[in-house]
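**Q** I'd like to ask you about the structure that follows.
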Amino acid sequence: MSEIYSVGIIGGGVSGVVSALQLAEHNIDSILFEQENSVVNGPPFCHLHAGGNLYPDISYEQCKLLMKQSIEMARLFPQSIDERPTFISIPKTEKYEVDKIEQRLNLLVDYYQTLIDEDPENAILGDPKDYYKTYNNDDLQFLATQPTVKHPKTADEWMTNAIKLIDYTKLKTPIILVQEYGWNLFRLGAQAQLALNKTEYCNLKTNTDVLSITDVRDQNLGYNWKIQTKDNTYKVNYLVNSCGFKTGKFDESLHLTTERLIEFKAAYVSKWQPIPGLIPELIFHGERGTPHGMVQLTPYCDDYYQIHGMTNDITLFENGLVQSKDNKSQPEFNEGITKKLNHGWDNDDIKTRTENAIDSVVKFVPSFESASVGGPPLFGAQQIPGDDPNLRVGEVSFPCKSYARSEIVKASSALTVANQIINRMLEESVVSKIDTSLQQKTLLDAVSKNDIDELARELAVQRGYPEALSRLVIEKY
Ligand SMILES: Cc1cc2nc3c(=O)[nH]c(=O)nc-3n(C[C@H](O)[C@H](O)[C@H](O)COP(=O)(O)OP(=O)(O)OC[C@H]3O[C@@H](n4cnc5c(N)ncnc54)[C@H](O)[C@@H]3O)c2cc1C
């Protein structure tokens, strides 16, 4: 094949697809390789993290970045954002202090206002004065006596529905309701795939595993890299490594030594009885990795709920977090985790871990006892650059000329990374002058809601999940 592509992107996760879309918006051609049969098919995501309120331990600076990047991504993919709020609580047994969380929230309200002052379209989390609301014991007692609202609209209505189900005597007060939204990966994947299929600026190659890359930068061939797949060799000028937790594999072939962590995690799909009104996402904080690590209950349509529990017998795994060592850039999981990643889960394992997850919720929501396994877990491995497992905002690095390595920790960093790559290409004169301050999204905007609905449903079912997981609890028209 003689065509030379400006950019070769390895990996069609959220980072790779957003990079390809941003390049296409600037009329820069790329070829995008994804080994699976559809894009955004790696580790899952379900929280937008607009403010980092699920992480009591991270710095205000990380929370700000998460908020800014989340808003940017939500503006690109509005049909993937589930606008239901999040209930944030601290069990009385836990060390965290509500005061500290509130202090951070107050700073975030001011920061959110500055983002809106910069661009009114950033107001995707509603009015800053409503970003969060606190509820003390008296408020909760009163709301518990109010009627359930089938489709809650106000913070009080959401809290009313939630508090009727929760044993709040176990929780410190005040309890917080914050406009932290859900994020639907099937819908994001569908919108991205449909947009990429429409543009002549991206050659999307699904079902295509990149086997190796060859560095020909010093050979004056008119291109810098050869990308080898089973059937072809492709020539590209600029290489983007967005292979997720496998990023180190190509670093190694380039003799680049980098420190990174990779982490295997899972979230569980449960089905509950119908309840009379929608509830927010429920968060019960707890120290990660201890037997009382954070519990998260994420509502989906048709009585499906996703559960994370930050303990070793629910979301986390023994030896699930591994570090690069012995001058190797690619960390390796043990046999058990590798088997899960490559061949899926045993039924016994699904049952045991989903039931553990359900039990962790029952501690705070007693009637959740009637929930049962609703489908296979959402699972996968993700990368964390460096050696700090608490890092929540990873970005991109440029270890050598014509090479970008994306290592996002949260899906919200994907647009920042794409723009950084384009700026770097400009600096390296790989592309001629373009106005990067213009944030266009014509390709994504051209995809209809109906098409997103349909492909998202197909992706969920194809991957073995209930169709309901492809829909939003708060549908957007
Ligand atoms: C259980 C769990 C829950 C999570 N929840 C959230 C959340 O709520 N919110 C959030 O923001 N983040 C969440 N994350 C993190 C989020 O999933 C990742 O940050 C994000 O998916 C990383 O995107 P990526 O594009 O960098 O990598 P990936 O999504 O891993 O994409 C890499 C892609 O590269 C492909 N690939 C790899 N090697 C090759 C090759 N040789 N040839 C071709 N293709 C290749 C893979 O198939 C994959 O599709 C969660 C992670 C886990 C594990």
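**Q** Taking Cα atoms, how many degrees apart are the long axis of helix 14-25 and the longest axis of the chain, rounded to 10 and kept between 0 and 90?
**A** In the chain, helix 14-25 runs at an angle near 60 degrees to the longest axis.
**Q** Taking a probe of 1.4 Å, how large is the accessible area per residue of region 406-452, in Å²?
**A** Solvent-accessible surface per residue comes out at 46 Å².
**Q** Kindly state, to the nearest 0.05, the FRET efficiency for S253 paired with D302, given R0 = 51 Å and r defined as their beta-carbon distance.
**A** Calculated value: 0.65.
**Q** Starting from 0.36 nm per residue, how many nanometres of slack lie between N347 and D435 once their C-alpha separation is accounted for?
**A** 26.5 nm
**Q** Expressed as a whole percentage, what fraction of the accessible surface of region 1-136 belongs to carbon and sulfur atoms when a 1.4 Å probe is rolled over the protein heavy atoms?
**A** Heavy-atom surface of region 1-136 belonging to carbon and sulfur, 1.4 Å probe: 47 percent.
**Q** Need the C-alpha centroid separation for region 4-23 versus region 242-288, integer Å.
**A** 21
**Q** Between T154 and K449, how many nm apart are label points set 7 Å from Cα along the C-beta direction?
**A** That separation, rounded to one decimal, is 2.6 nm.
**Q** May I pose another question? Treat each spin label as a single point 7 Å out from the Cα along the C-beta direction, and report the Y60 to T93 distance in nm.
**A** Computed distance between label sites Y60 and T93 equals 3.2 nm.
**Q** Oh, and also: Using 0.36 nm per residue of separation minus the Cα-Cα distance, give me the extension gain between D215 and D388 in nm, one decimal.
**A** Computed gain between D215 and D388 is 59.2 nm.
**Q** Here is a follow-up. Can you compute the helix-only [θ] at 222 nm over the chain? Use -39500 (n - 2.57) per DSSP H run of at least 4 residues, normalise by all residues, nearest 500 deg cm²/dmol.
**A** The per-residue figure over the chain is -9500 deg cm²/dmol.
**Q** For a quick protection proxy, order the peptides 70-80, 35-45, 112-122 by their average other-Cβ count within 10 Å, most packed first.
**A** The most tightly packed comes first, giving 70-80, 35-45, 112-122.
**Q** So for region 403-477, what percent of the C-alpha to C-alpha distances run longer than 17 Å?
**A** 65
**Q** Project the alpha carbons of the chain onto their principal axes and report the range along each, largest first, in whole Å.
**A** The principal-axis extents, from largest down, are 75, 50, 39 Å.
**Q** How compact is region 352-477 by the rule of thumb for globular proteins, expressed as Cα Rg over 2.2 N^0.38 Å?
**A** Relative to the rule-of-thumb radius for its length, region 352-477 sits at 1.49.
**Q** Here is a follow-up. Please report, in cubic angstrom per residue, the volume enclosed by the convex hull of the alpha-carbon atoms of region 195-350.
**A** Cα convex hull per residue, to the nearest whole number: 193 Å³.
**Q** Quick one: helix 60-76 against the long Cα principal axis of the chain, what's the angle to the nearest 10°, folded into 0 to 90?
**A** So the helix axis and the longest Cα principal axis differ by about 70 degrees.
**Q** Please state the equivalent ellipsoid semi-axes for region 97-197: what are the square roots of 5 times the Cα gyration tensor eigenvalues, largest first, in whole Å?
**A** 30, 20, 13
**Q** Sticking with this structure for a sec: List the residues of region 199-224 whose backbone N lies under 15 Å from a point placed 7 Å from the Cα of D231 along the Cα-to-Cβ direction.
**A** Those under the cut-off are 204-211.
**Q** I'd like the antiparallel share, as a percent to the nearest 5, of DSSP beta bridges with both residues in the chain.
**A** So the antiparallel bridges in the chain amount to around 70 percent.
**Q** List the pairs from K92/K410; K226/K249; K100/K410 whose alpha-carbon separation is above 18 Å, in the order I gave them.
**A** K92/K410; K100/K410
**Q** Here is a follow-up. So what's the convex hull volume per residue for the Cα atoms of region 327-384, in Å³?
**A** Taking the convex hull of the Cα positions in region 327-384, it is 117 Å³ per residue.
**Q** Using a simple charge model, +1 on the beta-carbon of Lys and Arg, -1 on the beta-carbon of Asp and Glu, nothing else, what dipole does the chain show about its Cα centre, in debye to the nearest 20?
**A** It comes to approximately 320 debye.
**Q** At a 1.4 Å probe radius, carbon and sulfur cover how many percent of the accessible area of region 236-376?
**A** Here it works out to 47 percent.
**Q** Take the Cα atoms of region 437-477, build their convex hull, and give its volume per residue in Å³.
**A** Roughly 102 Å³ of hull volume per residue.
**Q** List, in order, the whole-Hz ³J(HN,Hα) value for each residue of region 335-350 obtained from phi through the Karplus relation with A = 6.51, B = -1.76, C = 1.60 and θ = phi - 60°; use x for Gly and Pro.
**A** For region 335-350, the Karplus curve yields 4, x, 6, 4, 5, 4, 5, 8, 10, x, 10, 6, 4, 4, 5, 4 Hz.
**Q** Next up: Step by step: find N for region 143-244, compute 2.2 N^0.38 Å, then divide the Cα radius of gyration by it. What's the final number?
**A** Taking the Cα Rg and dividing by 2.2 N^0.38 Å, one obtains 2.02.
**Q** In terms of Cα to Cα distance under 13 Å, which aspartates and glutamates are near enough to K449, apart from those fewer than 8 places away along the same chain?
**A** Excluding near neighbours in sequence, the set is E475.
**Q** Could I ask something else about it? Return one number: the angle in degrees, 0 to 90 and rounded to the nearest 10, between the long axis of the Cα atoms of helix 414-427 and the longest principal axis of the Cα atoms of the chain.
**A** 30
**Q** Name the lysines eligible as straight-distance cross-link partners of K271: C-alpha to C-alpha under 21 Å, and not fewer than 8 places from it in the same chain.
**A** List returned: K150, K164, K351, K363.
**Q** Taking a 1.4 Å probe, which of E467, E335 shows the most accessible area, and what order do the others take after it?
**A** Putting E467, E335 in descending order of accessible area: E335, E467.
**Q** Now for a different question. Using the per-residue mean of other Cβ atoms lying within 10 Å as a proxy for protection, in what order, highest first, do the peptides 150-159, 344-353 fall?
**A** Per-residue mean Cβ counts within 10 Å order the peptides as 150-159, 344-353.
**Q** Report the FRET efficiency, 1/(1 + (r/R0)^6), for K129 and N319, where r is their Cβ-Cβ distance and R0 is 60 Å, rounded to 0.05.
**A** With R0 = 60 Å, the Cβ-Cβ based efficiency is 0.85.
**Q** For a 28 Å ceiling on Cα separation, which of these pairs sit above it: K68/K133; K265/K328; K339/K476; K235/K340?
**A** Violating the 28 Å Cα-Cα cut-off are K339/K476; K235/K340.
The values are calculated or read from the model by the stated rules, or taken from the named source; none is laboratory data. If you're wondering where the values come from, they're calculated on a predicted model, not measured in any experiment. With ideal geometry, Cβ positions are generated from the backbone for all residues, glycine too; neighbour counts draw on all protein chains shown. Each accessible area value is taken on the protein alone, full model and side chains, heavy atoms only, with ligands, DNA and RNA left out. Shrake-Rupley method; radii C 1.70, N 1.55, O 1.52, S 1.80 Å.
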